[in-house]
Amino acid sequence: MVFSSFLFWPLLLLLSVFTSHVVGDKFFTGTYGVNYGRIADNLPSPHSVVTLLKAAKIKNIRIYDADHSVLTAFKGSGIEIVIGLPNELLTGISVGEDQAMTWIKENVQPFLPGTKIRGIAVGNEILGGTDLQLWEVLLPAARNVYNVLHRLGLADDIQVSSPHSEAVFANSYPPSSCTFREDIVPFMKPLLQFFSQIGTPFFINAYPFLAYKNDPEHIDINYALFKKTHGIFDAKTNLHYDNMFEAMVDAAYAALEKAGFENMEVIVSETGWASRGDADEAGATVENARTYNYHLRKRLLKKKGTPYRPKIKARAYVFALFNENLKPGPTSERNFGLFKPDGSIAYDIGFTGLKSSATSSLLSFKEIGCSYMLAITTSFAFLLLTL
């Protein structure tokens, strides 16, 4: 046991050097995923959501908790899911592995292997947030979760991560100048060291919408929406950017490089565009939301890298699957959905909804389920006849 403990972390550090650029392929099928938020009282059942995701051919989702009804519904679906360890549980989990073991045995193990739980996001946007106590407990909590997964033989299949907001950066323009905030560095660097050792990418919530909303006079909306524009030129790297999404990703790469983690992959854990907002929320329209999400999906499906990291495929989870009518805050917070609760598309970006907005040209949740059962019954009857 002593020999094992002595070699465990050095071996992980060595392996991370060789696997840092392929981690995403193991835990993230393809390059496109969606966040499935549920702060609403009008959403379809989790079983109906599985039907919707399959119809849209979405293979990766993230949720913000470990809701048992969701995890049960996704059993056998083949859809890969990242669950969330909520912020309010971090302090308890950070105390020791016993509480982490209890949480994982209650919320992870019972659903394996049928439900493809591929990751646990420990907290959300902790560093840079207002609760400084959580800054201190984030790393111990993440380490305890990982150690328990390792003890249970699950660490090779379930990735431990923690997504950050843009608030962790001191600046991000131009991308090459990006650095982590000085007050965050004492917490960020040890966290990055741990994630580097276990092969976890850097997860960032990157929203061109929020950048534009906060400064519409100085940001070209075409640049934020992937539309034709002059873009920006980064003199230090001699690179041109024609969209803000790629600039945000490369800014994260630049900050990581300056912190000593140039081999760490960046994955966008949230990005999206609101289809509706308050009077002071510039750019929050249906057309802009459609434009951003259409071009984002098109860009991700090309499986290309960014200007600064051309050999590492850009990956992102879009926020969000549905509008969430109970979310607090400005109107935009409740209007990021790609789909309406009835299964129809909120706007057309190439997905197939389960029901059209105006007519029933596409199948509803109920009709999809009936058709599926009819197909199974017919196939079974045919099999009996051939025996």
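The values are calculated or read from the model by the stated rules, or taken from the named source; none is laboratory data. Small disclaimer: the values here were computed from a predicted structure and weren't measured. Cβ sites come from the backbone with ideal geometry, for glycine too, and all protein chains shown count toward neighbours. Only protein heavy atoms, including side chains, enter the accessible area calculation; ligands, DNA and RNA are left aside. Shrake-Rupley method; radii C 1.70, N 1.55, O 1.52, S 1.80 Å.
Out of (1) open to solvent by 10 Å² or more (accessible area, probe 1.4 Å); (2) within 19 Å of Asn60 (Cβ to Cβ), the odd one out for Phe322 is which?
The failed condition is (1).
In the range 139-168, what residues are open to solvent by less than 20 Å² (accessible area, probe 1.4 Å) and hydrophobic (A, V, I, L, M, F, W, C)?
If the condition is that a residue be open to solvent by less than 20 Å² (accessible area, probe 1.4 Å) and hydrophobic (A, V, I, L, M, F, W, C), then Ala141, Ala142, Val145, Val148, Leu149, Ala155, Ile158, Val160, Val168 are the ones that fit.
Which residue out of Leu138, Leu149 is more than 30 Å from Ala211 (Cβ to Cβ), assigned to a helix (DSSP H, G or I) and touching a helix residue (DSSP H, G or I) at 6+ places or on another chain (Cβ under 9 Å)? Give the steps one after another, and end with the answer.
Values: Leu138 fails: more than 30 Å from Ala211 (Cβ to Cβ).
The match here is Leu149.
Which of (1) modelled with pLDDT of 95 or more; (2) more than 26 Å from Ile349 (Cα to Cα); (3) surrounded by 15 or more Cβ atoms within 10 Å (Cβ to Cβ) is the odd one out, the single condition Ser172 does not satisfy?
Here Ser172 meets the rest and fails (1).
Among the residues of the range 308-315, is any free of Cβ contacts under 8 Å to residues at least 12 places away in the same chain and either open to solvent by less than 20 Å² (accessible area, probe 1.4 Å) or closer than 16 Å to Asn222 by Cβ (or both)? If you could, list the steps in order and put the result at the bottom.
Step one: list which residues in the range 308-315 are free of Cβ contacts under 8 Å to residues at least 12 places away in the same chain, which gives 310.
So of that shortlist, the ones also either open to solvent by less than 20 Å² (accessible area, probe 1.4 Å) or closer than 16 Å to Asn222 by Cβ (or both) come out as none.
No: zero hits.
Looking only at the range 268-290, which residues are of a type in the set (Val, Ile, Thr) and either within 18 Å of the chain's Cα centre (by Cα) or under 29 Å from Ala235 (Cα atoms) (or both)?
Of everything in the range 268-290, those that are of a type in the set (Val, Ile, Thr) and either within 18 Å of the chain's Cα centre (by Cα) or under 29 Å from Ala235 (Cα atoms) (or both) turn out to be Val268, Thr271.
Can you name the residue in the range 234-283 that is of a type in the set (Val, Ile, Thr) and not in a helix (DSSP H, G or I) and is also surrounded by the fewest Cβ atoms within 10 Å (Cβ to Cβ) among such residues?
Per the stated criteria, the residue is Thr237.
Run down Ala55, Ala100 and say which single residue is assigned to a helix (DSSP H, G or I), modelled with pLDDT under 95 and either open to solvent by 60 Å² or more (accessible area, probe 1.4 Å) or not β-branched (Val, Ile, Thr) (or both).
Numbers: Ala100 fails: modelled with pLDDT under 95.
The conditions single out Ala55.
Looking only at the range 183-233, how many residues end up being in contact with a Gly (Cβ under 8 Å, 6 or more places away or on another chain), in a loop (DSSP other than H, G, I, E, B) and within 30 Å of Val122 (Cβ to Cβ)?
So the answer is 3.
Enumerate the pairs (first residue in the range 36-48 and on the phi > 0 side of the Ramachandran plot; second residue anywhere and surrounded by 18 or more Cβ atoms within 10 Å (Cβ to Cβ) and among the aliphatic types (A, V, I, L, M)) with beta-carbon separation below 9 Å, excluding pairs fewer than 6 apart on the same chain, so at least 6 apart or on different chains.
So the pair list comes out empty.
Which of the residues belonging to the range 284-305 are assigned to a loop (DSSP other than H, G, I, E, B) and crowded, with 23+ Cβ neighbours inside 10 Å? If you could, list the steps in order and put the result at the bottom.
To start, the set of residues in the range 284-305 that are assigned to a loop (DSSP other than H, G, I, E, B) comprises 284-285, 302-305.
Answer for the range 284-305, where residues must be assigned to a loop (DSSP other than H, G, I, E, B) and crowded, with 23+ Cβ neighbours inside 10 Å: just Ala284.
Among residues belonging to the range 37-52 that are assigned to a loop (DSSP other than H, G, I, E, B) and in contact with a Ser or Thr (Cβ under 9 Å, 6 or more places away or on another chain), point out the one that is most open to solvent (accessible area, probe 1.4 Å). Give the steps one after another, and end with the answer.
Kept after step one, since they are assigned to a loop (DSSP other than H, G, I, E, B), are these residues of the range 37-52: 37-45.
Imposing the further condition that a residue be in contact with a Ser or Thr (Cβ under 9 Å, 6 or more places away or on another chain) reduces the set to 44-45.
Details: Pro44: 20, Ser45: 54 Å².
Taking the candidates together, the pick is Ser45.
Which residue, of Ala375, Ala358, Ala316, Ala381, is modelled with pLDDT of 95 or more and among the aliphatic types (A, V, I, L, M)?
Matching residue, one of Ala375, Ala358, Ala316, Ala381: Ala316.
Based on this model, can you work out whether Asn335 counts as buried (at least 22 other Cβ atoms within 10 Å of the Cβ), more than 17 Å from the chain's Cα centre (by Cα) and under 20 Å from Leu52 (Cα atoms)? Can you show your working first?
On the way: buried (at least 22 other Cβ atoms within 10 Å of the Cβ): yes; more than 17 Å from the chain's Cα centre (by Cα): yes; under 20 Å from Leu52 (Cα atoms): yes.
For Asn335, the condition - buried (at least 22 other Cβ atoms within 10 Å of the Cβ), more than 17 Å from the chain's Cα centre (by Cα) and under 20 Å from Leu52 (Cα atoms) - is met.
Determine the pairs where a residue that is touching a residue at least 40 places away in the same chain (Cβ under 8 Å), located within the range 192-203, has a partner that is polar (S, T, N, Q) and in a loop (DSSP other than H, G, I, E, B) with Cβ atoms under 9 Å apart, the partner being 6 or more residues away or on another chain.
Phe194/Thr200; Phe195/Ser162; Ser196/Ser20; Ser196/Asn263; Gly199/Ser20; Thr200/Ser162; Pro201/Ser20; Phe203/Ser162
Quick one: which residue in Val34, Val70 is surrounded by 18 or more Cβ atoms within 10 Å (Cβ to Cβ) and in a helix (DSSP H, G or I)?
Of the residues listed, the single one that is surrounded by 18 or more Cβ atoms within 10 Å (Cβ to Cβ) and in a helix (DSSP H, G or I) is Val70.
Would you say Glu166 is of a type in the set (D, E, K, R), out of contact with any strand residue (DSSP E or B) (no Cβ under 8 Å at 6 or more places or on another chain) and touching a residue at least 12 places away in the same chain (Cβ under 8 Å)?
Numbers: of a type in the set (D, E, K, R): yes; out of contact with any strand residue (DSSP E or B) (no Cβ under 8 Å at 6 or more places or on another chain): no; touching a residue at least 12 places away in the same chain (Cβ under 8 Å): yes.
The answer is no for Glu166.
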